[in-house]
1. Let me know the longest stretch in the chain that avoids all GluC sites (Glu not before Pro) found in a DSSP loop with at most 10 other C-beta atoms within 10 Å.
2. Which ³J(HN,Hα) values in Hz, rounded to whole numbers, follow from the phi angles of region 114-119 under the Karplus curve 6.51 cos²θ - 1.76 cosθ + 1.60, where θ = phi - 60° and Gly and Pro get x?
3. Could you give the radius of gyration (one decimal) and Dmax (whole number) of the Cα atoms in the chain, in Å?
4. Just name one of 47, 90, 60: the one whose Cα is farthest towards the positive end of the charge dipole of the chain (beta-carbon charges, Lys/Arg +1, Asp/Glu -1).
5. For region 1-102, which trypsin sites (Lys or Arg not before Pro) pass both filters: DSSP loop (anything but H, G, I, E, B) and at most 14 other C-beta atoms within 10 Å?
6. I want the antiparallel fraction of DSSP beta bridges within the chain, as a percent rounded to 5.
7. Neighbour counts of other C-beta atoms within 10 Å: give me 46, 59 arranged from fewest to most.
8. Considering only 96, 29, 37, give the residue with the highest GNM mean-square fluctuation for the chain, with springs between Cα atoms whenever their separation is below 10 Å.
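Please treat every number below as a calculation from the coordinates, not as lab data. Just so it is clear, the model here is predicted, and its values are computed rather than measured. Reconstructed Cβ throughout: ideal geometry from the backbone, glycine too, with neighbour counts over all protein chains shown.
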Amino acid sequence: QSNCEIGIACVDHDESHKLNLEYRGKDKSTNVLSFPSDLPDEMAQILDSFPIGDLVICIPVVLLEAKEQNKAPLTHFTHMLVHGTLHLMGYDHETSEADAEEMEGIEIEILAKLGFENPYLEQ
């Protein structure tokens, strides 16, 4: 499928906390949550564009992390968009160190193409 789409919701601490607890069992808000669509192939084939899934970004967490990491808010927000999108595509940094390194490498490459520096360098 050449056309695809991602839904993006920007939420506050309370909504992020609620979703993180419900879907990941973590009792706190988080920067980004990814919800893959898991659409059946038969359904995907008849659509004009393929829904990859949804991202939920907690703006207050992203802003706080940007400040703590001495990054511009747009830089960190863009990193979270890329990071969450890779999760939608099946990448997972929590399964192993090798998977984390692979995912980080892809993030660095994509962000560089968008004009952003390596997000994992100390600021």
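1. 1-93
2. My calculation for region 114-119 gives 8, x, 10, 6, 4, x Hz in order.
3. 15.2, 47
4. About the Cα centre, the residue reaching furthest to the positive side is 60.
5. Numbers: sites: 18, 24, 26, 28, 67, 71; in loops: 26, 28, 71.
Within region 1-102, the qualifying trypsin sites (Lys or Arg not before Pro) (loop, at most 14 other Cβ atoms within 10 Å) are 26, 28.
6. 40 percent
7. Ordered from fewest to most neighbouring Cβ atoms within 10 Å, 46, 59 come out as 46, 59.
8. 96
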